[in-house]
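Taking it in order: structure first as structure tokens, then the write-up.
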Amino acid sequence: VLFAEQASRENILSGFAWLRTTMREEDVAVVFIAGHGTYDGRRHLYTYHPVGGVIKGAEFRRAFNNIPGRKVLLLQTCHANGVLETAAGELPFRKTMVICACDDDETATRLMGKVMVNGLAKMAAGPDGIITTDSLAQWIKLRVPIFSEGKQHVQISRPPRFTDFPLAPKGELV
């Protein structure tokens with residue numbers, strides 16, 4: 001877990017490297033990243049701006065794709081959906097559900113994180129009391145536009161063979 005000033009370019013990429021060496025194919029990683037992001041739509045270039053540097057979208061996807069197992073990435077930055085845009089020859093995210101706080105032409109607030117925590121604490125579970133990747137994604141997608149008064153539109157991307165899986169019984173993650 002990295003907070004505020006700890007969330008530097010070096011520490012974030014080191015964290016991805018640690019996940020790459022410790023995770024196995026049967027493991028699950030849920031990664032939440034908040035901060036500042038920019039997007040140049042003409043060049044399909046998303047850039048995340050952690051403390052003391054930048055991580056370009058292609059580098060972000062490469063580092064994340066090298067992590068084995070199933071992954072959920074929650075990205076709470078301005079222009080977050082831009083991370084899904086790939087220029088010619090770049091790889092998209094693999095084995096990863098990506099939940100973006102807003103579209104590539106929108107700014108983000110801390111709202112998605114608050115909605116996510118609320119959903120994990122008690123609300124996003126299905127009738128069986130289990131919170132799954134799909135139930136959490138839908139919880140966030142339905143509520144963020146309402147609470148942002150239509151200023152943020154959550155975008156969700158999942159690879160074709162990505163199957164819904166349980167994250168936890170409700171209330172056990174928070």
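The values are calculated or read from the model by the stated rules, or taken from the named source; none is laboratory data. Note that this is a predicted model, so its numbers are computed, not measured. Every residue, glycine among them, receives a Cβ derived from its backbone with ideal geometry; neighbour counts consider all protein chains shown. Accessible surface is based on the protein model in full, side chains and every heavy atom, while ligands, DNA and RNA are left aside. Shrake-Rupley method; radii C 1.70, N 1.55, O 1.52, S 1.80 Å.
Structure notes:
- Between the C-alpha center of the range 12-43 and that of the range 106-161 there is a gap of 19 Å.
- Evaluated on the range 35-114, the Kirkwood hydrodynamic radius is 12.7 Å, with distances taken between all distinct Cα atoms.
- Cα gyration tensor, the range 64-152 - rounded (a/c under 1.5), prolate or oblate: oblate
- Volume of the convex hull of the range 1-74 (Cα atoms only), normalised per residue: 86 Å³.
- Carbon plus sulfur fraction of accessible area for the chain, probe 1.4 Å, in percent: 54 percent
- Note on A168 and F147: with the Förster distance fixed at 30 Å, the Cβ-Cβ geometry gives a FRET efficiency of about 0.80.
- Those aspartates and glutamates that a straight Cα-Cα span of less than 17 Å connects to K114, excepting residues fewer than 8 apart in one chain: E149, E172
- Residue separation of K56 and M23 scaled by 0.36 nm, minus their Cα-Cα distance, works out to 9.5 nm of gained length.
- Three-way shape call for the range 40-81 based on the alpha-carbon gyration tensor, with the a/c threshold at 1.5: prolate
- Taking a Cβ cut-off of under 15 Å around K141, the surrounding Lys, Arg, Asp and Glu residues balance to a net charge of 0, with basic ones at +1 and acidic ones at -1.
- All other residues whose Cβ lies under 13 angstrom from that of V54 are scored, Lys and Arg at +1 and Asp and Glu at -1, for a net of -1.
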